[in-house]
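This report concerns only the one structure given below.
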Amino acid sequence: MEPKIISWFNQSKKWVFDAGNIIRQKLKEEITINTKSNPNDLVTNIDREIESFFKQQITQIQDHRLLGEEGDFVHDTQGYIWILDPIDGTTNLVTTKQDFAISLALYHNGAPLFGLIYDVMRDELYHAITGQGAFLNDQKIQAIDPTLQLNEHIIICDFKEIIAYPRVAELIKLSRGHRRYGSAALEIVHVATGQAGAFIHMMLHPWDIAAAKIIAEACGLKYSHTDGTSVNVFEKGSSLVAPPNLHQEIVKICFS
Ligand code: IPD
Ligand code: CA
Ligand code: CA
């Protein structure tokens with residue numbers, strides 16, 4: 001990896017920790033909550049302030065652009081593009097005040113360079129630099145045991161997937177159980193660390209998955225759409241993330 005990329009990674013790690021400090025401080029104050037596309041699609045002053053914090057940093061690097069959930073859009077994949085979800089899990093931020101993350105990734109001409117996901121309240125940083133493996137708090141994430149069977153795995157999805165694909169309910173019956181935390185980025189990295197066996201979601205956006213896909217793939221997981229086709233993080237769509245053997249089994253049980 002080129003030194004300038006390592007230097008951007010180190011800078012971004014500092015930004016993420018600084019942003020975490022800002023969020024923890026802001027949570028002690030009153031939060032302003034607004035709705036976006038529907039009454040459950042929330043945005044707070046914290047989401048907006050954190051995106052603006054990252055924008056200030058990123059725009060200081062010449063020719064780097066920001067694609068962020070709260071209003072920073074790009075319409076092509078040329079050059080260096082940072083993809084940011086300032087808060088993934090805003091509903092958790094305003095209710096349980098835990099299980100939310102900052103998700104940040106850098107892509108060059110559409111190719112992944114690195115991704116970071118920071119679980120703010122647990123102070124846990126997941127990261128991967130392309131070609132260098134994935135890490136949790138700078139400790140290498142160990143490879144998942146490929147011999148584990150479906151009945152030894154937790155499946156993460158929402159009730160929306162269970163309603164849309166009744167065979168997902170059958171899959172859950174064959175598994176060790178079902179979980180859902182409300183932050184796609186954290187849910188995907190929990191599959192990467194082996195805390196869950198698979199993650200299924202019908203509709204995610206670039207900022208939800210840009211960092212998580214890099215980390216998941218660095219851990220040897222297969223990351224695809226639910227029908228098994230490949231995912232372009234710059235486009236919205238479904239996600240199915242699991243170790244390769246389980247991934248194949250899930251496509252067969254639920255989506256073929
Ligand atoms: C949401 C979370 C949630 C997922 C939604 C996302 P947000 O992101 O990741 O788990 O089910 O589709 O929009 O709105 O909290 O950034
Ligand atoms: Ca999100
Ligand atoms: Ca968000």
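The values are calculated or read from the model by the stated rules, or taken from the named source; none is laboratory data. Fair warning: this is a prediction, and the values are worked out from it, not measured in the lab. Every residue, glycine among them, receives a Cβ derived from its backbone with ideal geometry; neighbour counts consider all protein chains shown. Surface areas here come from the heavy atoms of the whole protein model, side chains and all, with no ligands, DNA or RNA. Shrake-Rupley method; radii C 1.70, N 1.55, O 1.52, S 1.80 Å.
Assorted remarks:
Per-residue answers, yes or no, for (1) more than 18 Å from Asp208 (Cβ to Cβ); (2) within 16 Å of ligand 2 (Cβ to nearest atom); (3) open to solvent by 20 Å² or more (accessible area, probe 1.4 Å):
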site	(1), (2), (3)
Glu69	no, yes, yes
Ala105	no, yes, no
Ala111	yes, no, yes
Phe114	no, no, no
Gln142	yes, no, yes
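- Candidate set from the stretch 71-93 (those that are within 12 Å of ligand 3 (Cβ to nearest atom) and surrounded by fewer than 17 Cβ atoms within 10 Å (Cβ to Cβ)); member that is nearest to Tyr107 (Cα to Cα): Gly71
- Residue pairs whose Cβ atoms lie under 9 Å apart, separated by 6 or more positions or on different chains, with the first residue in the stretch 36-49 and more than 24 Å from Ala19 (Cβ to Cβ) and the second within 13 Å of ligand 3 (Cβ to nearest atom), are Asn40/Thr91.
- Number of residues in the stretch 195-226 that are within 22 Å of Leu148 (Cβ to Cβ), part of a strand (DSSP E or B) and not basic (Lys, Arg): the value is 6.
- Boolean, Leu84 is closer than 11 Å to Val16 by Cβ and either polar (S, T, N, Q) or within 11 Å of ligand 1 (Cβ to nearest atom) (or both): yes
- Cβ separations smaller than 8 Å between residues 6+ apart or across chains give the following pairs from the stretch 172-187 residues that are within 16 Å of ligand 3 (Cβ to nearest atom) to residues that are β-branched (Val, Ile, Thr): Tyr181/Ile156; Gly182/Thr91; Ala184/Ile209; Ala185/Ile117; Ala185/Ile209; Leu186/Ile117; Glu187/Ile156.
- A Cβ distance below 6 Å, combined with a sequence gap of six or more or placement on separate chains, defines the contacts here; from the stretch 91-109, residues that are within 15 Å of Ile46 (Cα to Cα) reach residues that are assigned to a helix (DSSP H, G or I) and hydrophobic (A, V, I, L, M, F, W, C) in the pairs Phe100/Leu93; Ala101/Ala185; Ala101/Leu186; Ile102/Val16; Ile102/Ala19; Ser103/Ala185; Ser103/Ala211.
- For the stretch 145-162, the candidate set comprises residues that are part of a helix (DSSP H, G or I) and more than 11 Å from Ser175 (Cβ to Cβ); within that set, the residue that is farthest from the chain's Cα centre (by Cα) is Ile162.
- Subset of the stretch 44-67 [open to solvent by 30 Å² or more (accessible area, probe 1.4 Å) and in contact with a helix residue (DSSP H, G or I) (Cβ under 9 Å, 6 or more places away or on another chain)]: Asn45, Glu49, Phe53, Gln57, Arg65
- The residue that is modelled with the lowest pLDDT, among those in the stretch 107-157 that are farther than 18 Å from Met1 by Cβ and among the charged types (D, E, K, R), is Asp145.
- Any chance Leu171 is of a type in the set (A, V, I, L, M, F, W, C), part of a helix (DSSP H, G or I) and within 22 Å of Pro243 (Cβ to Cβ): yes
- Against the test of being out of contact with any Leu (no Cβ under 6 Å at 6 or more places or on another chain) and buried (at least 22 other Cβ atoms within 10 Å of the Cβ), the options Asp208, Asp158 yield a single qualifying residue, Asp208.
- In the stretch 180-193, of all residues being of a type outside the set (Val, Ile, Thr) and surrounded by 18 or more Cβ atoms within 10 Å (Cβ to Cβ), the one that is farthest from ligand 1 (Cβ to nearest atom) corresponds to Ala192.
- Subset of the stretch 24-43 (residues that are open to solvent by 40 Å² or more (accessible area, probe 1.4 Å) and more than 22 Å from the chain's Cα centre (by Cα)): Gln25, Lys26, Lys28, Glu29, Glu30, Thr32, Ile33, Asn34, Pro39
- Candidates Gly237, Gly177, Gly197, Gly228 - the one that is over 20 Å from Leu136 (Cα atoms) and either within 13 Å of ligand 1 (Cβ to nearest atom) or surrounded by 20 or more Cβ atoms within 10 Å (Cβ to Cβ) (or both): Gly237
- Hits in the stretch 210-229 - residues which are touching a Ser or Thr at 6+ places or on another chain (Cβ under 6 Å) and within 26 Å of Leu66 (Cβ to Cβ): Ala211, His225
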